[in-house]
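*Asks:* Have a look at this one before I ask anything.
The values are calculated or read from the model by the stated rules, or taken from the named source; none is laboratory data. Computed from a predicted model, the values in this text were never measured in an experiment. FYI the Cβ positions are ideal-geometry reconstructions off the backbone, even for glycines, and counts take in every protein chain you see. Surface accessibility is based on the protein's heavy atoms, side chains included, excluding ligands, DNA and RNA. Shrake-Rupley method; radii C 1.70, N 1.55, O 1.52, S 1.80 Å.
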Amino acid sequence: MLILANVEATNGIKVSAKLLENELPILDALVEGISIVERDPKVRSVGYGGWPNMIGEMEFDAAVMDGTSRQIGAVGALQDSLSAVKVAREVMLRLPHVVLTSAGASRFAKECGFEPEAVLMPDSKRVWRNKIEKTVAPNLIDQFPNIPLAPLSNLITDPERVRDTTVFLGKDDKGDIAVCTSTSGWAWKYPGRLGDSPIPGAGFYADSRYGAAACTHTGEMTMRTSTARCIILAMQLGRSLEDAIKLAIEDLALLKGGFLGGVVIHAMDANENYQVINFNCSETIRYWVWRDGMRTPEQKIAEKHTF
Ligand code: GLY
């Protein structure tokens, strides 16, 4: 048994590990761990602690993938529930669809019993409002947000607000592999923007025969190269985990134009080998790993690749 998760998982991974030890299926164990992260105000890139879009609204992206059936459920730009990963699981369990977005996702969440709740943390609202007052021209501030928003899209390069996500991947003692993601997306994003976290093959992929992969940071890159699927397909074609990740990174490094930044790849193979690679992020990237027999998860530093 193995669980790999990024540093945002600090409180959630312990819960997932305990549930896995108690023989909960891997996907359900990961969902419970992410649900803790989504309600942790200290995690500033996921759920309640996350940042709103350009007009001060929270929009959550999340996904689950069962690597044995390869069933997927995902939500994008979900507005009024913090339980994004659980709503994503309901999409997988109850609907013939894979991804629901915005108003449809909110409607479905309510049908499933997730009542609308307060999702914008007062501190996030304060920081957002300060940012808008410093950025929007004084002659337009009274009309905000009914002004053209595209000229404000450089707000997303705010260096103090990370483009993070929480990703959990793992394998249970039956050999089933799963991956789950959740994020509030990029701070100050254009309303309706989806990141890679709800996009199958970009921000996540799992296949119990070969392994699982999930990405954090610049979704605008991994959506262009289908990074997570690229890694699993390379392993299917016989590459080792290390070579499969190398291939995905070489492909990311060849992107031209558009928004380019750092990407962190979390990946494991079906033999429970794992690797976490920091591609072009300037900061130190940490992650968590837990294996059966370990009392608590261990924190490690991701290996750095710079092109
Ligand atoms: N990887 C997170 C995002 O792009 O929203």
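*Asks:* Show the residues, 5+ positions off or on another chain, whose built amide H is closer than 5 Å to the amide H of ASN6.
*Replies:* Here VAL167, TRP288 satisfy the definition.
*Asks:* Accessible area per residue, 1.4 Å probe, Å², for the chain: what's the number?
*Replies:* Details: 12790 Å² over 307 residues.
Per-residue value: 42 Å².
*Asks:* So for segment 230-307, averaging the separation of alpha carbon pairs under 8 Å that are six or more residues apart and normalising by length, what relative contact order in percent results? Mind showing how you got there, number by number?
*Replies:* On the way: 98 pairs, mean separation 17.3, N = 78.
Here the relative contact order equals 22 percent.
*Asks:* Turning to a different aspect of this structure: Based on the inverse mean of 1/r over its pairs of different Cα atoms, what is the Kirkwood hydrodynamic radius of segment 116-269, in Å? Don't skip to the answer; put the middle values down first.
*Replies:* Details: mean 1/r = 0.0579 Å⁻¹.
Hydrodynamic radius (Kirkwood, Cα pairs) of segment 116-269 is 17.3 Å.
*Asks:* If you don't mind, there's one more thing I want to ask. Using a simple charge model, +1 on the beta-carbon of Lys and Arg, -1 on the beta-carbon of Asp and Glu, nothing else, what dipole does the chain show about its Cα centre, in debye to the nearest 20? Mind showing how you got there, number by number?
*Replies:* On the way: 33 positive and 38 negative charges, 97 e Å.
Computed about the Cα centre, the dipole is about 460 debye.
*Asks:* How much length, in nm to one decimal, is gained on full extension between GLU115 and ARG39, taken as 0.36 nm per residue of separation minus their Cα-Cα distance?
*Replies:* Full extension of this stretch gives 25.9 nm more.
*Asks:* Rounded to two decimals, what is the ratio between the C-alpha radius of gyration of segment 135-206 and 2.2 N^0.38 Å? Mind showing how you got there, number by number?
*Replies:* Working: Rg = 17.7 Å, N = 72, 2.2 N^0.38 = 11.2 Å.
Here the answer is 1.59, to two decimals.
*Asks:* Right, another one. Ranking request for peptides 139-150, 255-266, 226-237: highest mean number of other beta-carbon atoms within 10 Å first, then the rest in descending order. Working shown, then result.
*Replies:* Values: 139-150: 11.3, 255-266: 17.2, 226-237: 21.9.
Descending mean neighbour count gives 226-237, 255-266, 139-150.
*Asks:* Determine one quarter of the surface area of the Cα convex hull of the chain, which equals its mean projected area, and express it in nm² to one decimal. Mind dumping the intermediate values first?
*Replies:* On the way: hull surface 60.8 nm².
Projected area, direction-averaged: 15.2 nm².
*Asks:* Let me ask something else about it. Compute the long axis of helix 84-94 from its Cα atoms, compare it with the longest principal axis of the Cα atoms of the chain, and write down the angle in degrees, 0 to 90, nearest 10.
*Replies:* Result, in degrees: 60.
*Asks:* Tell me the angle of helix 12-21 to the major Cα principal axis of the chain, expressed in degrees between 0 and 90 and rounded to the nearest ten.
*Replies:* Once rounded, the angle reads 30 degrees.
*Asks:* Leaving out ligands, DNA and RNA, what percent of the accessible area of the chain is carbon and sulfur, probe 1.4 Å?
*Replies:* Working: 6470 of 12790 Å².
Taking all protein chains in place, the chain shows 51 percent carbon and sulfur surface.
*Asks:* Per-residue ellipticity at 222 nm for the chain, helices alone: DSSP H runs ≥ 4 residues times -39500 (n - 2.57), over residue total, nearest 500 deg cm²/dmol?
*Replies:* Details: 8 runs with 88 residues, N = 307.
Here the helix-only value at 222 nm equals -8500 deg cm²/dmol.
*Asks:* Angle, helix 26-38 long axis vs. longest principal axis of the chain, Cα atoms, 0 to 90°, nearest 10?
*Replies:* Taking Cα atoms only, the helix is inclined about 30 degrees.
*Asks:* Arranged from highest to lowest average of other beta-carbon atoms within 10 Å per residue, in what order do the peptides 34-46, 286-298 appear?
*Replies:* Numbers: 34-46: 21.9, 286-298: 15.7.
Order by mean packing, descending: 34-46, 286-298.
*Asks:* Taking the Cα atoms of segment 44-94, report the difference between the largest and smallest coordinate on each principal axis, in whole Å and largest first.
*Replies:* So the three principal-axis extents are 38, 19, 15 Å.
*Asks:* Given the peptides 96-102, 58-64, arrange them by the average over their residues of other C-beta atoms within 10 Å, most packed first.
*Replies:* Details: 96-102: 15.9, 58-64: 29.4.
Order by mean packing, descending: 58-64, 96-102.
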